[in-house]
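Single-structure report; data block below.
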Amino acid sequence: MADLNGVKNLGQQAEAKLEGAARAATHRAAPQLEALARFGYASKGVVYGTIGLLALSLVLGRQGAATDAQGALLRLQDLPGGGWLMWLLVLGLIGYALWQLIRATLDPERQGTGGKGLVKRLGYLVSGLGNMGVALFAARLAREGTAARDANNEQDTVRQILEWPGGQLLLGIAGLALLAVGANSIYSAYGAKFMKRIALTDLGAQFSDTLKKIGQVGLSARGLVLGIIGVSLLVAAFRDRSASVLGSGEVLTWLGYQPAGKILLGLVALGTLCYGVWCFVQARYRRIRIEG
């Protein structure tokens, strides 16, 4: 029994040392990490603004298809100077992913270890890993060009996860996390609770009401899309089938086929565009606390 307690104490000491080392490294790099996080928000704004514009073009009768973050990157890569833009977005998306992982692990915003706090931090973790995946796709696109267009989609990724030991459980947890994040986004939008992390100054302060409404519309739309994706992951985990999974592009397409689908798609597309704009607002005015 004493030996077991000794091993447990050693494990706790090692964990404390690792956490202390991580916090010390974060403290030294805090200014650079904050700048990278802000650039990350701006990069997300470019991606989601593009997704919203492409979806709105469908509502207006133009040819094309609703798409997700990878599809938006493919469109941006085709622009003049698209290769250079990809590398900038790689840097920004990695910065945003790191910021989310810091929020999840070091908890600088003091979400705590209660039920609500842990759910939020799990959401940050899923977001960080997801954005890191998008950043890696952008890097392949910048390096390989058209060769990266055949990269795995969401269903391929889910199929691989389902082949892991405990894959169904992991997928179910990810689905619950996305569903919780989506619900929290809508709840936060309803009461404009997100504004407590925004410090508007200069021009932003003059248009505070407008910016708040943009944030409310954007977060509501993003929460709805995340919630639907979360439900699709839960269905895939329950059925042990990757074909049930929807990405952002598939969600927008699905909405377009519902009753009054064109109106519904138009509203969510406009909301996604607002979310892109809100990402730029956060890049400029969000309170970012790197250290716990």
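The values are calculated or read from the model by the stated rules, or taken from the named source; none is laboratory data. As the structure is a computational prediction, the values presented were derived from the model and not from experiment. Because the Cβ atoms are built from the backbone with ideal geometry, glycine has one as well, and the counts that use them run over all protein chains shown. Note: areas computed on protein heavy atoms with side chains; ligands, DNA, RNA excluded. Shrake-Rupley method; radii C 1.70, N 1.55, O 1.52, S 1.80 Å.
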- Treat every Asp and Glu Cβ in the range 231-291 as -1 and every Lys and Arg Cβ as +1, leave all other atoms uncharged, and give the resulting dipole magnitude about the Cα centre to the nearest 20 debye. 240 debye
- Whole-Hz ³J(HN,Hα) from phi, Karplus 6.51 cos²θ - 1.76 cosθ + 1.60, for the range 127-143, glycine and proline x: 4, x, 5, x, 5, 5, x, 5, 4, 5, 4, 4, 5, 5, 5, 5, 7
- Distant-in-sequence amide H partners of ILE198 (H built 1.01 Å from N, under 5 Å): ARG287
- Note on the structure: To the nearest 10 degrees, the tilt of helix 167-190 (Cα long axis) against the first principal axis of the alpha carbons of the chain is 70 degrees
- Going down the table (LYS120/LYS193; LYS120/LYS262; LYS44/LYS213), which pairs top 21 Å between alpha carbons? LYS120/LYS262
- Message: Let me spell out the model: positive unit charges on the Cβ of Lys and Arg, negative unit charges on the Cβ of Asp and Glu, origin at the Cα centre of the chain. What dipole size does that give, in debye rounded to 20?
- Response: 760 debye
- Residues of the range 92-235: accessible area per residue at 1.4 Å, in Å²? 49 Å²
- Note on the structure: Longest principal axis of the chain (C-alpha) makes with the long axis of helix 261-285 (C-alpha) an angle, in degrees to the nearest 10, of 50 degrees
